[in-house]
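Below is one structure, written out as structure tokens; comments come after it.
Just so it is clear, none of the values below were taken in a lab; they were calculated from the coordinates. The shown structure was predicted, so the numbers you read here are calculated from the model rather than taken from an experiment. Here Cβ is always computed from backbone atoms with ideal geometry, including for glycine, and neighbour counts include all displayed protein chains.
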Amino acid sequence: MSRIERGSCFCGAIEIDAIGDPFWINWDHDEDCRKAIGGPMTIWIGYRAEQVISITGAPKTFSKTPGVVRSFCGDCGTSIGYQDEGLPSEIYLCIGFMDAPERFEPAAHGYWEQRLPFVELSDSLPREARYTRKRANGFADPRDR
Ligand SMILES: [Zn+2]
């Protein structure tokens, strides 16, 4: 039996199942994600598009960064995830959307140089200045805007 992880928004209007293990999990300290989710940093959980199945509800979407589409609940505002043209066929779900966030341990820090000045973490994970994933060039680098 494959691992199944449920994600749901604060009001419950939107539920998603993610089937199998995520292929990548990382902290993210960049300014765009901070604004988009309203938190000091987040953890993104990477799945292949075919692993993510809608159970109920339809997220709203928003794009400010070329190539990046973010999704959220139009009723309660919970951040659900994003897709990025530079990372085709990948979906990143926000850890706060997942019903069992403790089961998603990150492997690296992305955009470490954009962290807030009071963020001090004692883990020994790699701290990348930019994205933690190799991506098609030319898309959506927060430093290029
Ligand atoms: Zn909601």
- Task: Report Rg (one decimal) and Dmax (nearest whole number) for the chain, counting Cα atoms only, units Å.
- Result: 14.6, 44
- Which lysines, on any chain, are close to K134 with Cα under 22 Å apart, when same-chain ones fewer than 8 places away are left out? K64
- Query: Arranged by the count of other C-beta atoms within 10 angstrom, fewest first, what order do Y82, Y47 take?
  - Reply: Y47, Y82
- Query: Which order do R3, R70 fall in if you start with the one that has the fewest other Cβ atoms within 10 Å?
  - Reply: R3, R70
- Query: Based solely on its DSSP helices, what 222 nm [θ] is calculated for the chain when runs of n ≥ 4 H residues each add -39,500 (n - 2.57) and the sum is averaged over all residues, nearest 500 deg cm²/dmol?
  - Reply: -1000 deg cm²/dmol
- Excluding same-chain residues fewer than 8 positions from K35, which aspartates and glutamates have a Cα within less than 19 Å of its Cα? D75, D84, E113, D141, D144
- Starting from the amide H of A108, placed 1.01 Å from N in the peptide plane, find each other amide H under 5 Å away whose residue is 5 or more places distant or on another chain. W27
